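Participant: Take a look at this one; I'll ask things after.
The values are calculated or read from the model by the stated rules, or taken from the named source; none is laboratory data. Bear in mind that the values here come from a model prediction, so they are computed numbers and not experimental data. Glycine gets a Cβ as well: all are built from the backbone with ideal geometry, and neighbour counts include every protein chain shown.
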Amino acid sequence: MVGRLVLAVVMAVGPVPMVAQAQDGSVFYPPVGCTGALTIQMRSCRVANIYTCAADAPGENWKLVLEADGPVFLSKIDRETQWLESYDLFPTQHNVLRLPADDPANLTELLETGIDTFDFVQKMDERIVRVVGYDRLTGDDVIIDGEPLLGTEFSARYEDFEGTYLTVTGREYVSVRHRRFIGGVTTRMQDGREVERDYTPIDFIYPDEPGFFSKTPLYDCEASLARYVPTVKGYDQ
């Protein structure tokens, strides 16, 4: 069901790379013309597979996030970590960045100055949403599974024509090597309800290593099912 949903989303929007049919049910194969780069196993029963495509601009890359029941999120970022487009799958929603942004996300600025503000607009299907916030280096740097990561904190406010409807705050990591944010602990506040999730990375898996491009999350899956709460859309890359 979920796999067919991903294919339907991809086919409907046209230029997005199509998820290839897997030859091995436990492995995600990147689309034709694309190359797998990294798999990240995270807490809260999530695994992310990151890949690049020859048709994209240099520095752009895709990430497919899977939970126990299958794919939940597909996104594309550029070298500065701007969210160019993404696809939420529950329910299906296509998000596209309006360019140029008033204050684009800029990883170079964050690394050079310790803080980066952002203020941009996304078209979420027929809905226009403004996202305002910041990322800041905290100095709480770590090494996880041999991967050096910079600690960050962030805050993001989501606004539509009725005002602020969602705020997302938390602490996560930046990989300088991969020029992307890596998950951490996030708190989402929407409709008076607060939801906290921990997407801290545990394993970094490269090509030719066991578990590379796995479709199966490994950590906290039984606990995640036991404390399941409906997904709240928000801060993700």
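Participant: Taking into account only those residues within the stretch 163-188 that are surrounded by fewer than 16 Cβ atoms within 10 Å (Cβ to Cβ) and more than 21 Å from Gly151 (Cβ to Cβ), which is farthest from the chain's Cα centre (by Cα)?
Facilitator: Among residues in the stretch 163-188 that are surrounded by fewer than 16 Cβ atoms within 10 Å (Cβ to Cβ) and more than 21 Å from Gly151 (Cβ to Cβ), the one farthest from the chain's Cα centre (by Cα) is Gly163.
Participant: In addition: Among the residues of the stretch 115-162 satisfying the criterion of being of a type in the set (A, V, I, L, M) and over 23 Å from Pro100 (Cβ atoms), which is surrounded by the most Cβ atoms within 10 Å (Cβ to Cβ)? I'd like the intermediate steps shown before the answer.
Facilitator: The first filter runs over the stretch 115-162 and keeps only residues of a type in the set (A, V, I, L, M), leaving 115, 121, 124, 128-129, 131-132, 137, 142-144, 149-150, 156.
Of the ones still in play, those that are also over 23 Å from Pro100 (Cβ atoms) are 137, 142-144, 149-150.
Numbers: Leu137: 17, Val142: 12, Ile143: 8, Ile144: 16, Leu149: 24, Leu150: 20.
My answer is Leu149.
Participant: Could you run through the stretch 52-73 and say how many residues are buried (at least 20 other Cβ atoms within 10 Å of the Cβ) and among the hydroxyl-bearing types (Ser, Thr, Tyr)?
Facilitator: Residues flagged as buried (at least 20 other Cβ atoms within 10 Å of the Cβ) and among the hydroxyl-bearing types (Ser, Thr, Tyr) within the stretch 52-73 amount to 0.
Participant: Follow-up question, since we're still on this one. What number goes with the only condition from (1) within 19 Å of Val168 (Cα to Cα); (2) touching a residue at least 24 places away in the same chain (Cβ under 8 Å); (3) in a strand (DSSP E or B); (4) not basic (Lys, Arg) that Tyr134 does not pass?
Facilitator: Here Tyr134 clears every test but (2).
Participant: Looking only at the stretch 74-108, filter to residues that are among the charged types (D, E, K, R), modelled with pLDDT of 95 or more and buried (at least 17 other Cβ atoms within 10 Å of the Cβ); which one of those is farthest from Tyr158 (Cα to Cα)?
Facilitator: Kept after step one, since they are among the charged types (D, E, K, R), are these residues of the stretch 74-108: 76, 78-80, 85, 88, 98, 102-103.
So of that shortlist, the ones also modelled with pLDDT of 95 or more come out as 76, 78-80, 85, 98, 102-103.
If we keep only those that are buried (at least 17 other Cβ atoms within 10 Å of the Cβ) as well, we get 76, 78, 85.
Numbers: Lys76: 19, Asp78: 21, Glu85: 16 Å.
It comes out as Asp78.
Participant: Tally up the residues in the stretch 185-206 that are touching a Gly at 6+ places or on another chain (Cβ under 6 Å) and touching a residue at least 24 places away in the same chain (Cβ under 8 Å), please.
Facilitator: Counting residues in the stretch 185-206 that are touching a Gly at 6+ places or on another chain (Cβ under 6 Å) and touching a residue at least 24 places away in the same chain (Cβ under 8 Å) gives 5.
Participant: If you don't mind, another one. Within the stretch 91-137, how many residues turn out to be hydrophobic (A, V, I, L, M, F, W, C) and farther than 20 Å from Gly183 by Cα? First the steps, then the outcome.
Facilitator: Step one: list which residues in the stretch 91-137 are hydrophobic (A, V, I, L, M, F, W, C), which gives 96-97, 99, 101, 105, 107, 110-111, 115, 118, 120-121, 124, 128-129, 131-132, 137.
Next, only the ones that are farther than 20 Å from Gly183 by Cα stay: 96-97, 99, 101, 120-121, 124, 128-129.
Residues in the stretch 91-137 being hydrophobic (A, V, I, L, M, F, W, C) and farther than 20 Å from Gly183 by Cα: 9 in total.
Participant: Right, next: Out of all the residues in the stretch 33-41, is one or more modelled with pLDDT of 95 or more and either under 22 Å from Arg98 (Cα atoms) or part of a loop (DSSP other than H, G, I, E, B) (or both)?
Facilitator: yes
Participant: Taking the stated definitions as given, is Asp56 modelled with pLDDT under 95, within 22 Å of Leu99 (Cα to Cα) and not β-branched (Val, Ile, Thr)?
Facilitator: On the way: modelled with pLDDT under 95: no; within 22 Å of Leu99 (Cα to Cα): yes; not β-branched (Val, Ile, Thr): yes.
Spelling it out, it is not the case that Asp56 is modelled with pLDDT under 95, within 22 Å of Leu99 (Cα to Cα) and not β-branched (Val, Ile, Thr).
Participant: Sort out which residues of the stretch 102-116 are polar (S, T, N, Q) and within 16 Å of Thr138 (Cβ to Cβ), and write them in order of number. It would help to see each step written out before you state the result.
Facilitator: Let us first name the residues in the stretch 102-116 that are polar (S, T, N, Q), namely 106, 108, 113.
Within the stretch 102-116, just Thr113 meets the criteria.
Participant: Further question: When the stretch 177-211 is examined, which residues are found to be over 20 Å from Thr117 (Cβ atoms) and not in a strand (DSSP E or B)?
Facilitator: Arg177, His178, Asp191, Gly192, Tyr199, Thr200, Tyr206, Pro207, Asp208, Glu209, Pro210, Gly211
Participant: Quick test for you: out of Asp220, Asp236, Asp208, Asp198, pick the one residue that is at pLDDT below 95, acidic (Asp, Glu) and within 19 Å of Gly170 (Cβ to Cβ).
Facilitator: On the way: Asp220 fails: at pLDDT below 95; Asp208 fails: within 19 Å of Gly170 (Cβ to Cβ); Asp198 fails: at pLDDT below 95.
Only one candidate qualifies: Asp236.
Participant: Continuing with this model, one more query. Residue by residue through the stretch 140-156, note down the ones that are over 16 Å from Ile115 (Cα atoms) and not in a strand (DSSP E or B).
Facilitator: Asp145, Gly146
Participant: Moving to a separate point now. The conditions are (1) under 28 Å from Arg43 (Cβ atoms); (2) among the hydrophobic types (A, V, I, L, M, F, W, C); (3) part of a strand (DSSP E or B), and Ile128 fails exactly one of them. Which is it?
Facilitator: For Ile128, the exception is condition (1).
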